[in-house]
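One structure below.
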Amino acid sequence: MERNLKNVLVISFGFLLLFTAYGGLQSLQSSLHSEEGLGVASLSVLYAALILSSMFLPPILIKKLGCKWTIAGSMCCYIAFSLGNFYASWYTLIPTSVILGLGGAPLWSAKCTYLTIAGNSYAEKAGKNGKDIINQYFGVFFLIFQSSGIWGNLISSLIFSQASNKVEISEENLVCCGAYDCMTNTTNTTGSTEPSNSLIYTLLGIYTASGVLAVLLVIIFLDQIKSDQAETEKETLETPSFWSTFLATFQHLTDKRQCLLIPLTMYSGFEQGFLSGDYTKAYVTCALGIHYVGYVMICFSAVNSLCSLLFGKISQFTGRKLLFALATVTNTACIIALLLWKPHPKQLAVFFVFPALWGLSDAIWQTQTNGLYGILFEKHKEAAFANYRLWESLGFVIAFGYSTKLQVYIKLYILLSVLMLSMVTYGVVEYIEAKSSPGTPTDTKKENIGPLTQETHM
């Protein structure tokens, strides 16, 4: 096997193992650690740390340690989070959330840098176009990586379904499920008792082992970047000083189009935060039990992956405006339906319809918003995507931050309000673009943004 392709596969399967654990844990935080809102608080802190990490750490660590050891070291930060879940408290989960957040940005940046260098290196030897090889490598990576959401959630559901203490949820307790939740620990009040400690420890043991295997895979099988490649890496990372990069992120806000895209970018964090933090707890765990959370999130991940591939291909024919309209209508319909629906175990299929539709919408928000940034800010990509990561992460922080303070129906109204504002400001951006370049439809332009797409998925 060609050595560069082997390295791509090592990184891909390393990320698969690592995010099998992290993805499963993230979906369970609000249900597993619902007491005093510890689970969602840890996720809020995690994304706040990610914001700081994105601004400062990646260039320094990659320069000092190189891509291989930055990847290995950052993966250890994720393992720390798994270990923190063994004895979950404010003194263990919050610090390990900070550690994971700080490791998140260097991990993704080092992965992007490594795959880009590997692609250029092979293209130079084979006499091929560098961008084509890089896109192929990223295609292989995401094909393998995207399935992590399925495996992590499948493991959790299979383990929790072994629980012997499942109880029938009474009609009286079901009143506390859904949009008008009782603002209490739904996992306990509904009688859907928490899984035993032995099952929780079994799950966490599997997740921790998965993370350790990912680190060992990278340390043992991933090649160091050769000296000639290191020079390329050095040039790639020879960016202006730290503070100038930091300032460039905020200087980019002088572009009014960037300011107008802030609500849309934050909405991406809000909607993902609602699904993993509120829907899983107030609807799924409350009415069905925690062992169904994994199956529901598998549905979301599978539809999201398929639709990301589909919409990425058809956007050149439909244009992004039509896709954004589809996502808006779908999300709006889901929000209104969630406000009206009273979840009941007899309506099992409905619990899967919402994450499927949410996955369809999220696929559009991710692919098209990334593409929009790449096209609008072609000359200032670095600052633009730094803003993307900043505002989306801030959306996550806010969504998880108020998760335990407000009833679900209020959060749904907030979500709907942010969505409507996002579409108004996005419409203004399209108007500005159409006015500035008449006769050149910007939504049909193509832009190579492979290395940057999906970085915000931790």
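The values are calculated or read from the model by the stated rules, or taken from the named source; none is laboratory data. Keep in mind that what you see is a predicted model, and the values were worked out from it rather than measured. So basically every Cβ, Gly included, is an ideal-geometry build from the backbone, and we count neighbours across all protein chains shown. Keep in mind that these areas ignore ligands, DNA and RNA; they rest on the heavy atoms of the full protein, side chains included. Shrake-Rupley method; radii C 1.70, N 1.55, O 1.52, S 1.80 Å.
For this structure, a couple of remarks:
- Peptide ranges 33-42, 14-23 listed from the most packed, as the mean C-beta count within 10 angstrom indicates: 14-23, 33-42
- Whether segment 28-165 is rounded, prolate or oblate, judged on the alpha carbon gyration tensor where a/c under 1.5 counts as rounded: oblate
- With the simple spin-label model, which puts each label point 7 Å out from Cα in the Cβ direction, the Thr254 to Lys381 separation comes to 2.3 nm.
- Within the chain, helix-based [θ] at 222 nm, where runs of 4 or more DSSP H residues each add -39,500 (n - 2.57), nearest 500: -25500 deg cm²/dmol
- Apportionment of accessible area to carbon and sulfur, the chain, percent (1.4 Å): 66
- Computed from Cα positions, the angle between helix 293-318 and the longest principal axis of the chain comes to roughly 40 degrees.
- Measuring r between the beta carbons of Lys6 and Leu52 and using R0 = 35 Å, the FRET efficiency lands at 0.55.
- Ranked by how many other beta carbons lie within 10 Å on average, peptides 410-418, 278-286 from highest: 278-286, 410-418
- Kirkwood Rh (inverse of mean 1/r, distinct Cα pairs), segment 246-435, angstrom: 17.3
- In segment 246-435, lysine pairs closer than 30 Å at Cα, eight or more apart or cross-chain: 24
- Of the listed residues Lys125, Lys342, Lys131, the order by accessible area with a 1.4 Å probe, largest first, is Lys125, Lys131, Lys342.
- Solvent-accessible heavy-atom area per residue, rounded to whole Å², over segment 246-435 at 1.4 Å: 37
- The chain: angle of helix 408-436 to the longest principal axis, Cα-based, in degrees nearest 10: 20
- Tensor-based shape of segment 1-84 (alpha-carbon gyration tensor, a/c under 1.5 rounded, otherwise prolate or oblate): oblate
- Full-stretch length increase - Ile220, Ala356 - with 0.36 nm per residue and alpha-carbon distance subtracted: 45.1 nm
- Every pair of different Cα atoms in segment 379-418 enters the Kirkwood calculation, which places the hydrodynamic radius at 11.6 Å.
- When restricted to Cα atoms, the chain yields an Rg and a Dmax of 21.8, 70 Å, respectively.
- The length gained by stretching the chain between Val175 and Leu421 to full extension, at 0.36 nm per residue less their Cα-Cα distance, is 85.4 nm.
- Between 0 and 90 degrees, the angle of helix 381-401 with respect to the longest Cα principal axis of the chain falls at about 10 degrees.
- Cα shape, segment 297-356, gyration tensor, a/c 1.5 rule: oblate
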